[in-house]
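Worksheet for the structure shown next.
The values are calculated or read from the model by the stated rules, or taken from the named source; none is laboratory data. In this text, all values refer to a predicted model and were calculated from it rather than measured experimentally. Note that we place each Cβ from the backbone using ideal geometry, even for glycine, and neighbour counts take in every protein chain shown.
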Amino acid sequence: MVVKSSNGMVRFFERAGRLKLEPRRGWVLKLGMKDPESVADHSYRVALLAMVYADLRGLDAAKVVKMALLHDLPEALVGDSVPGERTRTEKRRGEEAAMRRMLKDLPKDISRRYSSIWEEYEEGVSEEARLVKHVDKLELALQAREYRMADRGNDVSDFFASARKGLDDADILRMVEGLA
């Protein structure tokens, strides 16, 4: 494999590293938190959840983990948003452009592969994509529970409602319900 340039690779990793500094905005806007989890924090646990569930279900765990790590990567450039802040079309267009920019410094074959995996996730066209979408919601519910337990004054009911919305995986829905 030929690497385009070490500078390009460094740019990719630096851009991706911005996720460590990108707060999950829902916690800031709805709970007024000063130091909430970052998008990178969230993505890490989504990847871990996805890996375990993929193995439990006999899915392609390597693909699922890549998908989980890539699912919020565009937010390194466009930032996190909360539902209703942008239209679905605006969000999709902005994230597509950001993903192209994020991946442009990687070798073409890897860039195409990651772009394809991200598109598959966005479109929800495979069992792996649907699993990552579901564990993304499970991770939200886990974080809501942790914030509720850390401060009993935190009303996280909106976050549990958001986690349940569109969740049609019976096992994961049962787990979310148990966390609420």
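Here's the yes/no breakdown for (1) under 20 Å from A150 (Cα atoms); (2) surrounded by fewer than 17 Cβ atoms within 10 Å (Cβ to Cβ); (3) of a type in the set (G, A, S):
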| residue | (1), (2), (3) |
| --- | --- |
| G26 | yes, no, yes |
| P36 | yes, no, no |
| V52 | no, yes, no |
| A61 | no, no, yes |
| A68 | no, no, yes |
| L73 | no, no, no |
Matching residues in region 112-159 - criterion: being farther than 22 Å from V52 by Cβ, among the small types (G, A, S) and in contact with a helix residue (DSSP H, G or I) (Cβ under 8 Å, 6 or more places away or on another chain):
S115
Pick from region 156-170, criterion surrounded by 13 or more Cβ atoms within 10 Å (Cβ to Cβ) and outside any helix (DSSP H, G or I), ranking: nearest to the chain's Cα centre (by Cα):
L167
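May I ask you to list the residues in region 119-134 that are out of contact with any Lys or Arg (no Cβ under 9 Å at 6 or more places or on another chain) and either farther than 14 Å from A47 by Cα or crowded, with 17+ Cβ neighbours inside 10 Å (or both)?
Start the filter on region 119-134 by keeping residues that are out of contact with any Lys or Arg (no Cβ under 9 Å at 6 or more places or on another chain), which leaves 119, 123, 125, 129-130, 132-134.
Selection gives E119, E123, V125, A129, V132, K133, H134.
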Against the condition within 12 Å of the chain's Cα centre (by Cα) and either surrounded by 15 or more Cβ atoms within 10 Å (Cβ to Cβ) or modelled with pLDDT of 95 or more (or both), how does A97 come out, does it pass?
no
Could you run through region 60-84 and say how many residues are out of contact with any helix residue (DSSP H, G or I) (no Cβ under 8 Å at 6 or more places or on another chain) and farther than 23 Å from L131 by Cα?
1
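Can you name the residue in region 159-180 that is acidic (D, E) and closer than 17 Å to R57 by Cβ and is also modelled with the lowest pLDDT among such residues?
First, the residues of region 159-180 that are acidic (D, E): 168-169, 171, 177.
Narrowing further to those that are closer than 17 Å to R57 by Cβ: 168-169, 171.
Numbers: D168: 93, D169: 96, D171: 96.
Across region 159-180, the extreme among qualifying residues is D168.
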Please state which of the following conditions D105 fails to meet, knowing it meets all the rest: (1) without any contact (Cβ under 8 Å) to a residue 40 or more places away in the chain; (2) crowded, with 17+ Cβ neighbours inside 10 Å; (3) not in a helix (DSSP H, G or I).
(1)
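Has region 44-57 got at least one residue that is within 17 Å of L140 (Cα to Cα) and in contact with a Ser or Thr (Cβ under 7 Å, 6 or more places away or on another chain)? Working first, answer last.
Filtering region 44-57 for residues within 17 Å of L140 (Cα to Cα) gives 44-53.
After this cut, where a residue has to be in contact with a Ser or Thr (Cβ under 7 Å, 6 or more places away or on another chain) as well, the list is none.
For region 44-57, residues within 17 Å of L140 (Cα to Cα) and in contact with a Ser or Thr (Cβ under 7 Å, 6 or more places away or on another chain): absent.
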